[in-house]
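The next block holds one structure in the form of structure tokens; read it before the comments.
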Amino acid sequence: KILQNTEQNQENKMNYTDIDARPTTQTERRKAMTEQPKNYTGGPSLEQRFRQYLSAFDGKKKDFSKVEHLFDALFLKDFFETTNNSQHQQTVSREQTKAIHAMYFAMGTRATLIHYRRISLHTIDILSSLQ
């Protein structure tokens, strides 16, 4: 990158020439897709919040109000989930997910994480087992 010094630069205006616009390599794309984003806020990452929420499914019956704060920290207001059943694909809203999870907590369901993979910026593939 070459910065062109002109009189305009002295007036806080800069002209840039020869900007590095090379194509992204396959290796860089792969790294961007697999690398976990850095958490600059100092709080738990999305994966950490998910693991914490999933650990609440410990096989003990509990009222959903005891874990609702974990749910709210994880699932945004515009959240939706796409499930792949053997026969069809189904989209479930946040409120439907909350009702289903409340039922699982009331039954004393135990959850085990099988995998957690970031597919793209806004998509995460999660597979878990419920018992």
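Looking at the structure I just gave you, is K77 part of a loop (DSSP other than H, G, I, E, B), open to solvent by less than 100 Å² (accessible area, probe 1.4 Å) and touching a residue at least 12 places away in the same chain (Cβ under 8 Å)?
no
Could you say whether any residue in the stretch 94-115 is in a loop (DSSP other than H, G, I, E, B), open to solvent by 40 Å² or more (accessible area, probe 1.4 Å) and modelled with pLDDT under 95?
no
Restricting to the stretch 82-93, count the residues that are among the small types (G, A, S) and open to solvent by less than 90 Å² (accessible area, probe 1.4 Å).
Total meeting the criteria: 1.
Inside the stretch 99-113, can you point out the residues that are closer than 14 Å to E68 by Cβ and touching a Lys or Arg at 6+ places or on another chain (Cβ under 7 Å)?
Once the filter is applied, which keeps residues that are closer than 14 Å to E68 by Cβ and touching a Lys or Arg at 6+ places or on another chain (Cβ under 7 Å), the stretch 99-113 yields F105, A106.
Among (1) under 15 Å from F50 (Cβ atoms); (2) among the hydrophobic types (A, V, I, L, M, F, W, C); (3) in a strand (DSSP E or B); (4) open to solvent by less than 50 Å² (accessible area, probe 1.4 Å), where does F71 come up short?
Of (1) under 15 Å from F50 (Cβ atoms); (2) among the hydrophobic types (A, V, I, L, M, F, W, C); (3) in a strand (DSSP E or B); (4) open to solvent by less than 50 Å² (accessible area, probe 1.4 Å), only one is false for F71: (3).
The values are calculated or read from the model by the stated rules, or taken from the named source; none is laboratory data. No experiment lies behind these values; they were computed from the predicted model shown. Heads up, the Cβs are rebuilt from the backbone with ideal geometry, glycines too, and the neighbour counts pull from every protein chain shown. Note: accessible area is taken over every heavy atom of the protein model, side chains too, but ligands, DNA and RNA are not part of it. Shrake-Rupley method; radii C 1.70, N 1.55, O 1.52, S 1.80 Å.
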